[in-house]
Structure formats: C-alpha cells, structure tokens
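Structure, as structure tokens:
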Amino acid sequence: MLVSVAAVACVALAWFIAGRVGAGFAVPQPPRPDDLEIVAVEGDVIRYRDTRLDVGPKDLGRLALKLPDGGWVYTRAGVSVQGGVSERRIEKVEGTPPRAGELAQFDLSYFPVDPRRGLGLEYAQVSFPGPLGDYPAWFVPGPGSTWLIYTHGRGSTLREGLRVVDIAHRAGHPALVISYRNDPGAPRGDGIAKFGADEWEDLEAAIAYARTRGAADVILAAGSMGGAITLSLFEHGSAQAKAVRGIFLDSPALDVGRQSRLASDAMGVPGLLAELGFLLSTWRFGLDWAAMDYLSAVDDVTVPMLVLHGEADSTISAESNRPVFAALTQQGNATIEVVPGAQHLGLWNHDPAGFERRLSQFLASVAAAPGGR
C-alpha cells in the first residue's frame, strides 16, 4: 500500500511539474503587472521600490520606464539602493512626467512603440503570407539589397528588434522585423511556443517575402527563442536558407531541454521526477525536446555568425548553450562572446557602445565578403 501511495504521489508531482512546464511554454504569457512603486522624483533623479526579487538591486544598464498614462522615462545605466529603494538618473522623459505614488514597469526593449517614435525612422506596417495566414511586420527601407530580418524572443514584441534595426539602418540595410505564430495580430497556432520546431516555417515565409520585394539576400538577426527559430530553418533544410549571408544571435535559446533540466536541478527537483514531468509535458503539450536542441543544426550552418550572450543571463544560461557553442566554435564560422554582467536580452542595455561596435563590425565583415552588397 505504501509503495502504491508513493507511486501515485510521484505521478501527481510529475503531473504538476508538467503543468508548470506547459504554462511556461504557453503563448502569449499573462501580462506582467506594474511592479514598481515610484517613491520620489527630484530633478533628474527617480527613486522607486521594486517588488521583483529577481531585479531589485541589480544594475541592468539603460532601461525605459513605462508609465501608466503611456509616457516613458529613459534612465541611464547605474543604480544605487538604500533601504529597499532604488535610485536612477533620468536621461529624458516622454509624455507626462512620473509622479510619486504611481505604479510603473521597466522595459528592457527601451525604444518605444515603433521605428518612427522609437528611432525616428520612417517605416511601413506590412504583412507577409505564411503557412497559417498573414503575419504582421515592420519594414524599414534602406539603400542596400541585403535585407536584415529580425525574429524576436518568446513573449516579446517587434520592439525588441529596434536596437538591431538602428544599427543595420546606419549600415545601409533595409530591415524587416517579423512576427510569428501566436504573436498578437499573427495567426494563432496551438498556443505553445515550440522554440523553432514549428515557427521556422514562419521565418521561411518572411525570407521568401523579402526576396519577392527586392532582397538579393538576407542577414538573419534574432533574440532568445528567435535564435532557435533561426537555426531550425537550417536544420529543416529550408530552400530559403540559401539566401542567408550571415546570422546574428542575441541571448539565443539553443537547447531548451538542457536549460529546463539545469533549472529543475537548481530548484532541487529530483532528476527522475523531473524527467517524468518532462515526459508528461511531451504528451500533454506536444513539446518535442529533441527538436528544441540545435546541436544537430550546427553542421548545416555554414555562413558567418556572431553570437552574444550575457554571463549573468538567468533566463537562458550560457551554460545551457555550451555544447552548441562549442560545436559552432569548432566549426569555425562563428564568433561567440559571453559578456560578463549582462542579463538575458540585456547586452545592449549593459553596454550600448560595445553592442553597436560588435554588430557593426560583423555587418561590415559580411558586406565585405565575396558576393556582399
């Protein structure tokens, strides 16, 4: 009887773990609440109390503060904390100034709304046909014939790509910032982020669209889950991969199964119980862990690649990508930099000048390669 009770308890716990895993892969994610209480605003200094234990005293670099009335406060890098209250310097304010007592929210993407308001660049709201319907995208024109296509991470928005678009635009590249299935305004998939196992078809459609609109070839750029989608395009042998001249990845998620196991180990979940939970998540939510491991894609990626990853990334650790990084390095086409102190998708925030220098040099090297435009 005791054995039976223990077995039932294990299955129940594994079922619970599978449910938590499934909730983590669901898209869209529940909206994040306004988690900052503004304590005081004095000149160019803002003081606030952060309710998030994972952010509080950390210095994530340059951040934008979204205000409840739609305004934005842009803060400089650097934070000091005293008595649970954080203090930052304000760089500029857009809209109604912040007031003590308001609840607000920090935003790593920094640039607001769209390319025009965020960067001062003219753009067109376009859509491209894909396997599930029409997908919204932003197109920022440029004089070159090599387009940059940006694919954002899970639960993020098109705004994530603006920092890359800004640099690509100055290098002369037209830019297409794309959505994919389950994004707001895009066709609804099954509501589960598959980290490239399905979504690669949407990127494939975006490349085809760019080529019908005058792109001679493309550079793919992506963040987080977008990196998985990018390598999945190559792993699946897409014909559109032949148009790719280079790849830039920011904080990519290249082995979600390994990351999930590292996370479960860190939480003290027994290995056997965690594995049972992962197995049940495959049955309950259709998660294919092998398909979300892109070590097998390395041999298919023969174009130049730049990968930047934060050493302090607590969402997708550099350690989780270690086997893929090692294989890419051995292959010889990739430059991989693990940046100390940078968080997930926070490399630009941590060091804007360094981020721009690395990406600008990469874009120039791709353009200078034979056949570059």
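The values are calculated or read from the model by the stated rules, or taken from the named source; none is laboratory data. Keep in mind the model is a prediction, meaning the values are calculated, not measured. Cβ sites come from the backbone with ideal geometry, for glycine too, and all protein chains shown count toward neighbours. Heavy atoms of the whole protein, side chains included, go into the accessibility calculation; ligands, DNA and RNA do not. Shrake-Rupley method; radii C 1.70, N 1.55, O 1.52, S 1.80 Å.
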task = Working only within the stretch 314-373, note down all residues that are among the hydrophobic types (A, V, I, L, M, F, W, C), in contact with a strand residue (DSSP E or B) (Cβ under 8 Å, 6 or more places away or on another chain) and open to solvent by 60 Å² or more (accessible area, probe 1.4 Å).
result = 338
Total residues in the stretch 152-166, condition surrounded by fewer than 23 Cβ atoms within 10 Å (Cβ to Cβ) and closer than 20 Å to residue 358 by Cα = 1
task = Could you please find all residues in the stretch 206-239 being acidic (Asp, Glu) and within 17 Å of residue 295 (Cβ to Cβ)?
result = 235
ask   = helices (runs of 4 or more DSSP H) wholly in the stretch 295-373 with at least 2 residues that are among the polar types (S, T, N, Q) - which ones?
value = 322-331, 352-368
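Given the residues 77, 104, 100, which is the only one that is of a type in the set (A, V, I, L, M, F, W, C), in contact with a Leu (Cβ under 6 Å, 6 or more places away or on another chain) and over 20 Å from residue 158 (Cα atoms)? First the steps, then the outcome.
Numbers: 77 fails: in contact with a Leu (Cβ under 6 Å, 6 or more places away or on another chain); 100 fails: in contact with a Leu (Cβ under 6 Å, 6 or more places away or on another chain).
Among 77, 104, 100, only 104 is of a type in the set (A, V, I, L, M, F, W, C), in contact with a Leu (Cβ under 6 Å, 6 or more places away or on another chain) and over 20 Å from residue 158 (Cα atoms).
Can you confirm whether residue 135 is in contact with a helix residue (DSSP H, G or I) (Cβ under 9 Å, 6 or more places away or on another chain) and open to solvent by less than 30 Å² (accessible area, probe 1.4 Å)?
When the stated conditions are applied, residue 135 passes them.
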task = Filter the stretch 116-132 for residues that are surrounded by 17 or more Cβ atoms within 10 Å (Cβ to Cβ) and over 17 Å from residue 150 (Cα atoms) and give the result.
result = 132
Cβ pairs under 8 Å, 6+ apart, first in the stretch 320-331 and farther than 12 Å from residue 293 by Cα, second assigned to a helix (DSSP H, G or I) and open to solvent by 40 Å² or more (accessible area, probe 1.4 Å) = 327/295; 331/299
request  = Within the stretch 170-185, track down each residue that is open to solvent by 20 Å² or more (accessible area, probe 1.4 Å) and touching a strand residue (DSSP E or B) at 6+ places or on another chain (Cβ under 6 Å).
outcome  = 185
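Conditions (1) of a type in the set (D, E, K, R); (2) at pLDDT below 95; (3) touching an Asp or Glu at 6+ places or on another chain (Cβ under 6 Å), marked per residue:
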position: 122; (1), (2), (3): yes, no, no
position: 127; (1), (2), (3): no, no, yes
position: 130; (1), (2), (3): no, no, yes
position: 139; (1), (2), (3): no, no, no
position: 154; (1), (2), (3): yes, yes, no
position: 179; (1), (2), (3): no, no, no
message = Restricting to the stretch 74-120, name every residue that is of a type in the set (Lys, Arg) and in contact with an Asp or Glu (Cβ under 7 Å, 6 or more places away or on another chain).
response = 76, 89, 116
query = Can you find a residue in the stretch 333-352 that is over 19 Å from the mean Cα position of the chain (by Cα) and farther than 23 Å from residue 253 by Cβ?
reply = no
message = residue 44 - would you say it is of a type in the set (D, E, K, R), within 26 Å of residue 341 (Cα to Cα) and at pLDDT below 90?
response = no
request  = Could you tell me whether the stretch 226-239 includes any residue that is more than 20 Å from residue 24 (Cβ to Cβ), surrounded by fewer than 22 Cβ atoms within 10 Å (Cβ to Cβ) and touching a strand residue (DSSP E or B) at 6+ places or on another chain (Cβ under 7 Å)?
outcome  = no
query = Can you find even one residue in the stretch 143-162 that is under 22 Å from the mean Cα position of the chain (by Cα) and among the acidic types (Asp, Glu)?
reply = yes
inquiry  = Here is a check on your reading of the model: is residue 203 without any contact (Cβ under 8 Å) to a residue 60 or more places away in the chain, buried (at least 23 other Cβ atoms within 10 Å of the Cβ) and out of contact with any Cys (no Cβ under 9 Å at 6 or more places or on another chain)?
reply    = yes
note = Flagged pairs (Cβ under 8 angstrom, 6 or more apart or on separate chains; first in the stretch 157-186, more than 20 Å from residue 208 (Cα to Cα) and assigned to a loop (DSSP other than H, G, I, E, B); second polar (S, T, N, Q) and open to solvent by 10 Å² or more (accessible area, probe 1.4 Å)) are 157/109; 171/360; 184/157
remark   = Checked 222, 197 against criteria (assigned to a loop (DSSP other than H, G, I, E, B), on the phi < 0 side of the Ramachandran plot and small (Gly, Ala, Ser)); the one match is 197
